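Working notes, beginning with the structure itself.
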Amino acid sequence: MLLIKVSVSKDIKKRLEFRRKAAMRKVKLHVLKTAVNIQTQAKENQAPHIRTGRLNASIDISPNLSKTVAEVEIGTNVEYAAHHEAQYPYLRPALEKYRKPFIDGFKDLV
């Protein structure tokens, strides 16, 4: 039996780790920028139907960023938000508007 063992030097491991970290920073930035764009668009979509401004002011982003995770929740904790979304969609259209640019943005990162 022929056995071939390949090992990577410490220098190459450091370089690979540096590139992984740099790529993850770019991913996190892309995710956050997209989340802010969606949040802004949702507020603009909701603007014509503002009465008190409570719902609009509550549309928020909650990032969860770690070494290996880049995710963001976008939404509101206002109890009537779902009813309002059903009558006057504001969040779903914002998500749809930025879906393709979000996906295409990853192509630029690679």
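The values are calculated or read from the model by the stated rules, or taken from the named source; none is laboratory data. Keep in mind that this is a model prediction, so the values were computed, not measured. Cβ coordinates were reconstructed from backbone atoms using ideal geometry, including for glycine residues, and neighbour counts include every protein chain displayed.
Please find, within the stretch 49-67, the residue that is surrounded by the most Cβ atoms within 10 Å (Cβ to Cβ) out of those that are of a type outside the set (A, V, I, L, M, F, W, C) and in contact (Cβ under 8 Å) with a residue 24 or more places away in the chain. Here the answer is P63.
For (1) surrounded by 10 or more Cβ atoms within 10 Å (Cβ to Cβ); (2) in contact with a Lys or Arg (Cβ under 8 Å, 6 or more places away or on another chain); (3) within 19 Å of T68 (Cβ to Cβ), each residue gets a yes or a no:
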position: K5; (1), (2), (3): no, no, no
position: I12; (1), (2), (3): yes, no, no
position: L16; (1), (2), (3): yes, no, yes
position: R25; (1), (2), (3): yes, no, yes
position: K28; (1), (2), (3): yes, no, yes
position: K33; (1), (2), (3): yes, no, no
position: T40; (1), (2), (3): yes, no, no
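Only one of the numbered conditions (1) more than 18 Å from the chain's Cα centre (by Cα); (2) among the aliphatic types (A, V, I, L, M); (3) part of a helix (DSSP H, G or I) is violated by M1, and that is (3). Among the residues of the stretch 74-110, those that are charged (D, E, K, R) and either more than 16 Å from the chain's Cα centre (by Cα) or under 18 Å from E44 (Cα atoms) (or both) comprise E79, E85, R92, E96, K97, R99. In the condition set (1) outside any helix (DSSP H, G or I); (2) free of Cβ contacts under 8 Å to residues at least 40 places away in the same chain, P89 is compliant with all but (2).
Of all residues in the stretch 68-103, count the ones that are in contact with a Pro (Cβ under 9 Å, 6 or more places away or on another chain) and surrounded by 11 or more Cβ atoms within 10 Å (Cβ to Cβ).
Final tally of qualifying residues: 4.
Is it the case, given these coordinates, that V27 is at pLDDT 95 or above, in contact with a strand residue (DSSP E or B) (Cβ under 9 Å, 6 or more places away or on another chain) and closer than 15 Å to G105 by Cα? Spelling it out, it is not the case that V27 is at pLDDT 95 or above, in contact with a strand residue (DSSP E or B) (Cβ under 9 Å, 6 or more places away or on another chain) and closer than 15 Å to G105 by Cα.
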